[in-house]
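Trainee: My questions will all concern the structure given below.
The values are calculated or read from the model by the stated rules, or taken from the named source; none is laboratory data. Given the structure is predicted, the values throughout are model-derived calculations rather than measurements. Cβ: placed from backbone, ideal geometry, glycine included. Neighbour counts: every protein chain shown.
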Amino acid sequence: MKTYLKNIYSTADKSENALFQRAKKNINNKIKSSIRFGYLSGFALLVLSSCNQNQNTADAQELDSSQIPMEMVAQNVALQYPSMTNLDNPDEDNEEKNRFLLTLLVQALTQQHYQPLALDDDFAAKTFDLFLKRIDNNKRYFTQEDFKKIEAQKNLIDDQAMQGDYAFFNAAYEIFEKRLKESEEISTEILKNPFDFSKNETIELDGDKSEYAKNKKAQKEVWRKLLKYQVMVRLDNLLQAEEKKEKDEKGYKAKSLTELEKDAREAIQKNQNEFFKRMYRLKKKDWRNLYLNSITSAYDPHTEYYPPKDKENFDIQFSGQFEGIGATLQEREGQIKVMNIVPGSASWKQGDLKEGDIIQKVAQGDEEPVSIIDMPLDDAVQLIRGKKGSEVRLTVKKVDGTTKIIPIIRDVVVLAETYAKSVVLEPQKGTKIGYIKLPSFYSNFQDKNGRTSSKDMKEELIKLNDENVESLILDLRNNGGGSLGDVIDIVGLFIETGPVVQVKARGSLPQVYSDTDKEVVFDKPLIVLVNEFSASASEIFAAAVQDYNRGIVVGSPTFGKGSVQNFLDLDRVLGKEYDNIKPLGALKLTIQKYYRINGGATQLKGVVPDITLPDMYSYIDFGEEQEPYALKWDEVKKAKYQEWTPKYKLDKVQKETDKRVSKDDIFSSIDENAKRLNKRRNETLYSLNLDEYRALQRTLEEESKKYENLAKSDETLKIIALKKDLAENKADTVKQASFEKFEKELKKDIHLQEAIRIMSQVQ
């Protein structure tokens, strides 16, 4: 198909040119500020705020001359749909409104995205693949014949998108709607009869390794195996419960396998009824929004369309504030995945729910669990959230393939746990070391006098100086990012002045953002701890420390997100004359990339530690590079800066650490477990023989137990609260309990223990 070259602005008259200039001025005024770096992966919104740039506080980069301000984009799109102002309160299924929305999104992406795509066959193929994966990831609904019919329109997607035409989507949706109804009938029929679990057959659970069914008969076989697997998993749970009762309750007569199999089938039938009920509640507009997001995701994984009803969910995701359990969740290919645990939340306190876990079922207290597989995120959130003090029981699939039921008492987030906190570490041998845990680069953009991470970090460093510490370990593990202004200021606490990060907009030269404050609050040896969940602002800090030779970065490679997003409210870019078609929703799109001061990008590659330590994700491909169509790595010109000259030889420290770690039994076990996790993660072909399945599950459970409590508490390590915090802790039982929990965690932290040993080499 032709590359998109149409210029809808060529016919603008003088009044429109005036509108263009006003719009450009307004946009540039809004851009005269800098960027707030948001949280991990899909939740990485970047909004505008103030910070230092170049030698002085200056404007951020001007718009690329090829870019058109969004107000002008919206105005010109509206001119293509003159009847829009005459529509009488159109609902979300109004054809003209939907065509307008698609055209507006395509133009916004073309004019505003950091790396706009040519609307050609390559774009069409990306959109096609993303949409098919999202609507039928496990290849349960479409047959090969269906796929061929849908594929016939693949190369028309680009032309249709330019014209606001949903022909491809409509054709695919019409087939999907029929297959969904047929699938319900098939599953109901299958579940009427008992399964034979003595047969030797298998099921492939990875949709990427599966093929579409050749015909209707083969499709029924797909559903038979899927339902048999689900019943088998349920049956295994029931058998375990019966075996436990037999062991614990004298004279208890266990149910027969036949009875339990029937119970399991009935439970799965109930789950299926709920599943199809939820699917039918989804209207055509919901699936259309899925298609729109397939278009946006073809640009990069962080560019997303948010329909009006999803704005609340977006706010929840961005803030991390699920009031019930305190976990940030993401729906990905029919699964609800834990992306982040909010420090201080109910999940954080309970301790069993981890990043990367897949939540499969949700139960309210002792009630029957409800499957949330293929459930829309907002529906899953409603089940998980609840009143403080109530219990929710989550059935979770762990990274190693085991299934675990996690009971969590819902609570509110303890905000104090999200702030920087410090202690003094006194190892048996060596000097006093300061330790600061920074969960995020938080800031308060509504209140200039509000609490910020840079102010708190400065205060903690001053307190540690008063304690006469000889060095510092700054822990940025699981820190998903935050405010750019704050990370620049925090880097400035460790250097005199100089560049911290470079930010590049589309078609512009990179802008250097610098620390201009000559004060150095802490000038002693520094170690920065990072892991796979350290992202955005954390990567900026770690990279700056490396580039300046200001300290040693220790841990595992970071996430690798080096892009900047802006949240565009589509309603705001349209004039009042279009109020009748609002709300339209919002577009989060990538507008910039950031780079290290040495010129390299953190995008995809992240920050590779100076000293890498084994952890549970060492062999698992993780991070931004696993996202489809992520922006590529590149580099820009190195900024001018003066490196520090450390007293230690880094290569010598690296060699001594590697030698020590290679002989450490705990690190060896961690490495073994990491290999096991990677192996199990790639095993997606499961036996449908009950005995074989049960044997595998018990093996997995035994393997998991072996690695559960690897870290031994270092009782020789003293964790000392700062003098200025002692009185406050003693007067507050919650703070005292929090400190005691913190103390136990630090003493069992094998990576911290190694960081302390490394510090003894550099002091």
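Trainee: For the subset of the range 315-340 comprising residues that are surrounded by fewer than 17 Cβ atoms within 10 Å (Cβ to Cβ) and part of a helix (DSSP H, G or I), which member is modelled with the highest pLDDT?
Mentor: 315
Trainee: Looking only at the range 190-215, filter to residues that are outside any helix (DSSP H, G or I) and without any contact (Cβ under 8 Å) to a residue 40 or more places away in the chain; which one of those is farthest from residue 693 (Cα to Cα)?
Mentor: Looking at the filtered set, the residue picked out is 192.
Trainee: Search the range 613-625 for residues that are at positive phi and pair each with any residue that is in a loop (DSSP other than H, G, I, E, B) when their beta-carbon atoms are under 7 Å apart and the residues are at least 6 apart or on different chains.
Mentor: 623/532; 623/559; 623/560; 623/606
Trainee: Among the residues of the range 517-562, which ones are hydrophobic (A, V, I, L, M, F, W, C), over 23 Å from residue 650 (Cα atoms) and surrounded by 24 or more Cβ atoms within 10 Å (Cβ to Cβ)?
Mentor: 533, 535, 537, 559
Trainee: Same structure again: Counting only residues that are in a loop (DSSP other than H, G, I, E, B), within 31 Å of the chain's Cα centre (by Cα) and not aliphatic (A, V, I, L, M), which one in the range 633-650 is surrounded by the most Cβ atoms within 10 Å (Cβ to Cβ)?
Mentor: 633
Trainee: Related question: Residues that are surrounded by 19 or more Cβ atoms within 10 Å (Cβ to Cβ) and of a type outside the set (A, V, I, L, M): find the helices (runs of 4 or more DSSP H) completely inside the range 97-189 holding 3 or more of those.
Mentor: By residue number, 121-135.
Trainee: Shifting gears a bit: Looking at the range 713-735 only, could you name the residues that are at pLDDT below 80 and either within 28 Å of residue 666 (Cα to Cα) or outside any loop (DSSP other than H, G, I, E, B) (or both)?
Mentor: Selection gives 727, 728, 729, 730, 731, 733, 734, 735.
Trainee: Filter the range 736-763 down to the residues that are touching an Asp or Glu at 6+ places or on another chain (Cβ under 7 Å) and within 19 Å of residue 350 (Cβ to Cβ) and list them by number.
Mentor: 738
Trainee: Take the residues in the range 676-695 that are part of a helix (DSSP H, G or I) and at pLDDT 95 or above, then tell me which one is nearest to residue 757 (Cα to Cα).
Mentor: If we take residues in the range 676-695 being part of a helix (DSSP H, G or I) and at pLDDT 95 or above, then 695 is nearest to residue 757 (Cα to Cα).
Trainee: Which pairs have Cβ atoms under 8 Å, sit 6 or more apart or on different chains, and link a residue in the range 688-703 that is outside the structural domain of residue 226 (by TED's automatic domain parsing) to one that is of a type in the set (Lys, Arg) and in a helix (DSSP H, G or I)?
Mentor: Cβ pairs passing all conditions: 688/225; 688/228; 700/680; 703/676.
Trainee: So which residues in the range 560-590 are within 30 Å of residue 606 (Cβ to Cβ) and of a type in the set (A, V, I, L, M), if there are any at all?
Mentor: Once the filter is applied, which keeps residues that are within 30 Å of residue 606 (Cβ to Cβ) and of a type in the set (A, V, I, L, M), the range 560-590 yields 564, 568, 586, 587, 589.
Trainee: While we're on this one: I'd like the full set of residues that are within 28 Å of residue 523 (Cα to Cα) and either modelled with pLDDT under 95 or exposed (fewer than 11 other Cβ atoms within 10 Å of the Cβ) (or both), limited to the range 651-670.
Mentor: 651
Trainee: Can you say whether residue 261 is out of contact with any His (no Cβ under 9 Å at 6 or more places or on another chain) and either of a type in the set (A, V, I, L, M, F, W, C) or within 22 Å of residue 140 (Cα to Cα) (or both), as far as the supplied structure shows?
Mentor: Considered against the rule, which asks whether it is out of contact with any His (no Cβ under 9 Å at 6 or more places or on another chain) and either of a type in the set (A, V, I, L, M, F, W, C) or within 22 Å of residue 140 (Cα to Cα) (or both), residue 261 comes out as no.
Trainee: Would you confirm, using the coordinates I've provided, whether residue 465 is of a type outside the set (D, E, K, R), surrounded by fewer than 22 Cβ atoms within 10 Å (Cβ to Cβ) and not assigned by TED's automatic domain parsing to the domain that holds residue 342?
Mentor: yes
Trainee: Please pick out the residue among 254, 267 that is more than 30 Å from residue 568 (Cα to Cα) and either free of Cβ contacts under 8 Å to residues at least 60 places away in the same chain or not assigned by TED's automatic domain parsing to the domain that holds residue 226 (or both).
Mentor: 254
Trainee: Something else about it: Right, residue 222: in contact (Cβ under 8 Å) with a residue 12 or more places away in the chain, closer than 15 Å to residue 269 by Cα, aliphatic (A, V, I, L, M) and not in a loop (DSSP other than H, G, I, E, B) or not?
Mentor: The answer is no for residue 222.
Trainee: Given the residues 598, 580, which is the only one that is at pLDDT 95 or above and surrounded by fewer than 22 Cβ atoms within 10 Å (Cβ to Cβ)?
Mentor: After applying the criteria, what remains is 598.
Trainee: Turning to a different aspect of this structure: Out of all the residues in the range 668-684, is one or more of a type in the set (Val, Ile, Thr) and within 30 Å of residue 511 (Cβ to Cβ)?
Mentor: No; the residues of the range 668-684 include none that is of a type in the set (Val, Ile, Thr) and within 30 Å of residue 511 (Cβ to Cβ).
Trainee: Tell me whether the range 210-220 contains one or more residues that are surrounded by 12 or more Cβ atoms within 10 Å (Cβ to Cβ) and closer than 23 Å to residue 697 by Cβ.
Mentor: Yes, the range 210-220 contains at least one residue that is surrounded by 12 or more Cβ atoms within 10 Å (Cβ to Cβ) and closer than 23 Å to residue 697 by Cβ.
Trainee: Related question: Given the structure, is residue 630 assigned to a loop (DSSP other than H, G, I, E, B), touching a helix residue (DSSP H, G or I) at 6+ places or on another chain (Cβ under 8 Å) and either in the same structural domain as residue 528 (by TED's automatic domain parsing) or under 20 Å from residue 481 (Cβ atoms) (or both)?
Mentor: So residue 630 fits the description; yes.
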